[in-house]
Each structure stands twice: as structure tokens, then as C-alpha cells.
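One structure is given below, encoded as C-alpha cells.
The values are calculated or read from the model by the stated rules, or taken from the named source; none is laboratory data. Predicted model, so just to flag it, every value in this text is computed and none were measured. Glycine also receives a Cβ, built like all others from the backbone with ideal geometry; neighbour counts cover every protein chain displayed. In case anyone asks, the SASA skips ligands and DNA or RNA and just uses the protein heavy atoms, side chains included. Shrake-Rupley method; radii C 1.70, N 1.55, O 1.52, S 1.80 Å.
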Amino acid sequence: MITLILALITPIASEVAVSVGDGKQVLVDGIQRVPPRPKPDMLSLIALAGVPRIVSEIPLPASVIGPPSSVAITPDGSLALVTSSRRIDPSDPASLVPDDRLTVVDLRARPARVLATVRAGAGASGIAIDPSGTHALVANRSEGSISLFTIAGTIVSLRQTLTIGDVHSAPAQPIFYDQGTRALISRDGDHLLSTLHIEGNRMRLDAGGIRAGLRPYGLSHAAGTRFAVVANIGGGGHDIDTISLIDLAGPTPRVVDTAGVGLTPEGIAMAPDGRHIAVNVNAGSNGSPASADYRAYGEVQVWRINGSHLMRVAKATVGRWGQGIAWTANSRTLLVQSNVERRIDLFRFDGSHLRRSASLRTAAPPAALAVGGR
């Protein structure tokens, strides 16, 4: 269902969004539970040209556990890679256990179709594809490792899995930078960000790491730009949480600014032009209605990178338990997921204001989001 609210957006003709939804978890009084009759996990392919619309919905394994960047699109728009960090426990249908599946999806088929399933590591979660479209990284949250894959046409192959911390380090989200030769990985279990060197089809871990804030989680970077940004989700949903700006230009990444955004910045995305950052903030909407911190709505915020500082320029209300957030290629339109309402809102951004332009309703509660295509 599409509800047009203001003017239509007009991104490039072949640009698409991929939303993946988790049907096996619902939010009940602030607690994530497996419902008695789980629905299928689902991928929704969204055409963005003209009137935004869902053109395919196909079942595949996905999960709301982990950063809402568990889907990535190749630079040519031909493939989506989707991780699944949790599956229903075969011995206990009310519980979840770690999953390791990575699903390869053909986005050019109509409807979109699954091409293959490969294996990463336990708790396969945040994923990134390099600017050349030849490598992908998957963070394995339940085993403290990172998996490196090669992409050759439609063939995705595991090349290396590298331990970067103990089982409690919880690697969350990787990004590529420096033309795909280096990577940064958030670790919300031990509050670190680690740096990798990508050397052909192998990875090498730098010693040590940097600290941006409590529980660095979502992480975003626009190819060819100087900065990355990380969402620090804090200690328990009661204290103000932060985002941090990271300068990637030197031999070692360094944090240059941190700003408070509210409770639980779940999704974070840097605009492709590298000038703005968007944050999908739960703002208490994922808590119990009996909590003093509860609000019946979340908040999307846009921050400008002003030199090496962060400055908030716009905000708008969205639905509850916000997840993924993504920009279109022209850096003028935002897509924002609200899990409880099973909704994706589209906003126009003119540099100073956010204006809602359309809303889409998905078959499964949305859990992760990516935009791509040429």
C-alpha cells in the first residue's frame, strides 16, 4: 500500500531499495518475543523512480537482531546480500539461536529471486560491499569474527574468516574505506572499533583499536569521502546515547566529534555526497508503555558535517522501534523503517528541512535497509 502525502520523489531511473523484514520476532511490552505463529521473513524490493512502489516480495532468512545494515546491494544494482543472525531453535519454537546464513538475491529478475545461500559465521549480522563490487565483509556477532567473501558475477564465495575478539566482543558492522583496501568494524560488546587491511582475498587485523563511545553499533561511510560515523547505543536505553564522527584520512582512524542524539540510535547512514548524516532514533519507542522513558513514536534526525564537527539541522517523527535508514544517490531523499508499524517513510531533504513524501507498508516488520542501483 502506498500513501502519497506530498510531492513525489524522483531519484535516478533504475535506483531501488531493498528492505528485509523479520517475521519471527515482535515487540511485546518492550520485550522482543517469538510469536506463537511466526510469519515468514521477507525481502521487499522497492522501485524508487516515479511513484515509489514495492515490486517484489520474496521469503528468505533475515533477523532484526543486530545493526539494521544486514543487507547490502552491489554497486551495479544486480545483487543483494542478506544475512540472518538468528533462527528459531528447532528444539524450542519459542526461542532463537544464532544463524550463519548469507543469501544471494538476483535483483534484476522480476520477481526478485534467491540465487544461493552461503555460510558466514555464527550470528552473521552487519554486511558491507566494497566500491568495486568484488568483496563483501560480514560481522559474526556470536563468535567474534569477520568473514571476507569475493563476488564474481553472481557467485559469492567465502575466502577467509578472521577472529578479531573473543565471543563477547560482538562485531556488529563493517565498512570499507580507502578504495576498499581497509575496513573499520564496530564491536559493541567491548566498546572498540577495529581496523582491517584487505590484501587481495585476505584480511589482516591492526593491533589495538579506537573508542568512540559506549557500544559502537551502526557504522556508515560514503565511498571517497573523508569521514565515517558510528552510532553508540549505550548501556540500557535510559541515558542519552551518541553518534561520533571519525576521521579516516590518517594512518589510524580517530574520533573528532561526538554528539548526543537521544535514546538508542538504531540506524545510521551517511549521505552519498558526504555532507550529511541521518539517524533513526528509537527515542524510547521500543520500551514498555509503562516506562517513564516511553514515547509512542521515534525520531529521524539529520546532522551536517561542518568542518570536523556535527551540527543537527532537521528532525521529524517516525514510527516505533525504528530500524534501517538509507539515502538515495542524490542525497536528497531518505527512507526510514519503523518496525512496529511495518512501514517505510520517505522524506525529501532540502538541506534544512525534512518533508514526508510517501509511505510504504511491508509484508514483514522491517529490520534492515539498503539503497542501490544505477
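Below, the figures for the structure above:
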read-out: In Å², nearest 10: area of Asp350 left accessible to a 1.4 Å probe; value: 90 Å²
read-out: Per residue convex hull volume, Cα atoms of the range 216-356, in Å³; value: 94 Å³
read-out: Solvent-accessible surface ranking, highest first, for Asp99, Asp273 at 1.4 angstrom; value: Asp273, Asp99
read-out: Choice from Val156, Val300, Val279 with maximal GNM fluctuation in the chain (Cα, 10 Å cutoff); value: Val156
read-out: Solvent exposure ordering (accessible area, 1.4 Å, most first) of Leu137, Leu263; value: Leu263, Leu137
read-out: The chain - percent relative contact order, Cα under 8 Å, separation 6 or more; value: 16 percent
read-out: Ordering of 209-218, 332-341 by burial proxy (mean other Cβ atoms within 10 Å per residue, highest first); value: 332-341, 209-218
read-out: FRET efficiency for Ser91 and Asp293, using Cβ-Cβ distance with R0 set to 35 Å, rounded to 0.05; value: 0.45
read-out: Spin-label pair Asp178/Arg275, simplified geometry with 7 Å Cα→Cβ offset, distance in nm; value: 2.9 nm
read-out: Distance (nanometres) between label positions extended 7 Å along Cα→Cβ at Asn306 and Asp247; value: 1.8 nm
read-out: Accessible area (Å², 1.4 Å probe, nearest 10) - Val64; value: 10 Å²
read-out: Peptides ranked, highest mean first, by Cβ atoms within 10 Å: ranges 119-126, 161-168; value: 119-126, 161-168
read-out: Three-way shape call for the chain based on the alpha-carbon gyration tensor, with the a/c threshold at 1.5; value: rounded
read-out: Additional length obtainable on full extension of the chain from Asp106 to Arg33, 0.36 nm per residue less Cα span; value: 23.2 nm
